[in-house]
Amino acid sequence: MTEDTICALSTSLLQAPIAVIRVSGPESLSILHRIFSRPEALLPRVSAYGSIISEGKKLDDVITVYYESPKSFTGEEMAEICCHGNPIIVKRILGLLIAQGARHGEPGEFSKRAFLNGKIDLTGAEAINHIIRARSEWEIEASLNQMHGSLREKIHDVRDSLLLLKADIECRIDFADEDDAFESDAGAGSAIDAIHGLLTDILGRCRVGERLSHGIDVPIVGKPNVGKSSILNCILNSERAIVSDIPGTTRDLIKETIQFAGIHVNLFDTAGIDVPGCEIEKRGIEMSREKIVSSPVIVMVIDAVQGIAGADRDILKSLPGKETICLANKIDLVPEIAAPELLKKLAEDAGYPVIPFSAKTGSGLQELEQELSRRLQSEFLEYRNFFISDMRIIGLLEESRAACERIKSLLREGEPPEIIAFVVQELIDTTMEITGEITPDDVLHSIFSRFCIGK
Ligand SMILES: Nc1nc2c(ncn2[C@@H]2O[C@H](COP(=O)(O)OP(=O)(O)OP(=O)(O)O)[C@@H](O)[C@H]2O)c(=O)[nH]1
Ligand SMILES: [Mg+2]
């Protein structure tokens, strides 16, 4: 338990009907007794209506809830003061709390205290931090599940299996027997395979969760002048990117975030890929190519009139393994009668089904949006099962998987059980760092300093 008492506004400092000020620490109740007009009404977990009084003067009428330790968010004695959401009132109440001995809380300090008092683990803390910033329903659902232990339980499953494995290996240190050792190696081998499988599953779900929360990158790519910027504008229904009939108009990546099927999509307009005319175009083309490599879903634009030609083939070669949607743009310039034959040929040449599109008339937009939603859902199907994680958690999971590989090869090479048990213990420690059961202070500081004040 910490010595001092902290206070902070937990809602934003805006004019609003209500603001919530939190107080946490051993002096919470005694401070409230001195400033609340009805101290006798301050019973644990009961809301009390009254006034905040400073030197005999009313600062505001409020509702206060007092929480007894350890039955509070932080695990400490705590109170929440719901006052009117006028920044002047909020500042006066905070000033009064500080004058009475509280200190202004740092970012994430309430959550850090909750962690230090065993109320949440670091995977839960990550979810708490995320729920404030979540931009979609699935993120809120995943954050809530994680606050209630979805990721912690998975990590604990790994840790428990590792503890069993370590006990098994340690048994052999004292009772080494050639035949038993051979049997035990086989058992340990399959145990570590199972642990590796568990870690791979968790890591995959963390990676996708991380990716989904930042948004899925979907670049619109193709040769210069095929209408990429026009298509971006058409999807957004606004003049976001400059359109011109001069090839090489777009030289930078232009990003806009929109929602498809409940998933954030970072749509990118890109520089047309062809032989560059100057250094700036060259850099633009490099960025387009890098975006293709790093993105899971691609919208490839082909000029319906020109068909597949020149750099199109080169771009198409870089798309295998990607969810690719091909658009035959400028279909309005193709005579209606010639369109079916032309589209058939385009699809054959491209090696992908082709959606006829016109950024000029908007035809094909609905098909494009449906196709995009379908691809995103198929790529990120079970997205409700994903975990909210940061690079710290992902890094530790990767480290854990690498340690599994090391243990497997030590077993294969018939290394002494002492050495294997040592590496297993290191792996147990790494998994405990994920939940925060073993975490250095500076790491804790960097984690919680990313949180908001009042959280
Ligand atoms: N008729 C017709 N013209 C189009 C269509 N889409 C784009 N254009 C025209 O094609 C030209 C190029 O369009 P942009 O959207 O700038 O093409 P881009 O692919 O972004 O070109 P770069 O940025 O140079 O790579 C402009 O003159 C547009 O008006 C379309 O569907 N139909
Ligand atoms: Mg452009």
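The values are calculated or read from the model by the stated rules, or taken from the named source; none is laboratory data. Quantities reported herein were computed from a predicted structural model and do not represent experimental measurements. Heads up, the Cβs are rebuilt from the backbone with ideal geometry, glycines too, and the neighbour counts pull from every protein chain shown.
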Scanning segment 241-255 for residues that are within 11 Å of ligand 1 (Cβ to nearest atom) and either over 19 Å from Leu333 (Cα atoms) or loosely packed, with under 15 Cβ neighbours inside 10 Å (or both) gives Ala241, Ile242, Ser244, Asp245, Ile246, Pro247, Gly248, Thr249, Thr250, Arg251, Asp252, Ile254
- May I ask you to verify whether Ser400 is within 27 Å of Ala261 (Cα to Cα), in contact (Cβ under 8 Å) with a residue 24 or more places away in the chain and either assigned by TED's automatic domain parsing to the domain that holds Asp274 or not aromatic (Phe, Trp, Tyr) (or both)? no
* Could you tell me whether segment 274-288 includes any residue that is within 16 Å of ligand 1 (Cβ to nearest atom), in the same structural domain as Glu369 (by TED's automatic domain parsing), assigned to a loop (DSSP other than H, G, I, E, B) and of a type in the set (Gly, Ala, Ser)? => yes
Scanning segment 108-143 for residues that are outside any helix (DSSP H, G or I) and touching a strand residue (DSSP E or B) at 6+ places or on another chain (Cβ under 9 Å) gives Arg135, Ser136
Among (1) part of a strand (DSSP E or B); (2) within 16 Å of ligand 1 (Cβ to nearest atom), Ile258 falls short only on (2)
On the basis of being at pLDDT 85 or above, closer than 30 Å to Ile302 by Cβ and within 10 Å of ligand 1 (Cβ to nearest atom), does Gly215 make the cut?
no
Selection over segment 87-116 where residues are charged (D, E, K, R) and more than 28 Å from His148 (Cα to Cα) yields a count of 3
Per the filter on segment 320-344, residues in contact with a strand residue (DSSP E or B) (Cβ under 6 Å, 6 or more places away or on another chain) and more than 16 Å from ligand 2 (Cβ to nearest atom) are Lys322, Glu323, Thr324, Ile325, Cys326, Ala328, Ile331, Leu343
Residue hits (segment 95-107; touching a residue at least 60 places away in the same chain (Cβ under 8 Å) and not in a loop (DSSP other than H, G, I, E, B)) are Leu96, Leu97, Ile98, Arg103, His104
Apart from one, (1) within 19 Å of His196 (Cα to Cα); (2) buried (at least 19 other Cβ atoms within 10 Å of the Cβ) all hold for Leu376; the odd one out is (1)
Selection from segment 326-337 of residues more than 17 Å from Glu348 (Cβ to Cβ) and part of a strand (DSSP E or B) yields Asn329
Fill in: So Glu415, is it charged (D, E, K, R) and either more than 23 Å from the chain's Cα centre (by Cα) or in a helix (DSSP H, G or I) (or both)
yes
Over segment 206-237, the set of residues buried (at least 22 other Cβ atoms within 10 Å of the Cβ), of a type outside the set (A, V, I, L, M, F, W, C), in a helix (DSSP H, G or I) and more than 10 Å from ligand 2 (Cβ to nearest atom) is Gly209
Selection from segment 249-305 of residues among the charged types (D, E, K, R), within 13 Å of ligand 2 (Cβ to nearest atom) and without any contact (Cβ under 8 Å) to a residue 40 or more places away in the chain yields Arg251, Asp252, Glu281
| query | Can you spot a residue in segment 314-325 that is in a strand (DSSP E or B) and either surrounded by fewer than 18 Cβ atoms within 10 Å (Cβ to Cβ) or of a type in the set (A, V, I, L, M) (or both)? | reply | yes
Residues of segment 111-160 being among the basic types (Lys, Arg) and either buried (at least 16 other Cβ atoms within 10 Å of the Cβ) or under 14 Å from Phe73 (Cα atoms) (or both), in sequence order, are Lys112, Arg113, Lys119, Arg152, Lys154, Arg159
Quick count over segment 15-71, residues being part of a strand (DSSP E or B), within 39 Å of the chain's Cα centre (by Cα) and within 23 Å of Asn86 (Cβ to Cβ), is 14
Per the list (1) in the same structural domain as Gly189 (by TED's automatic domain parsing); (2) in a helix (DSSP H, G or I); (3) in contact (Cβ under 8 Å) with a residue 24 or more places away in the chain, residue check on Arg92 breaks on (1)
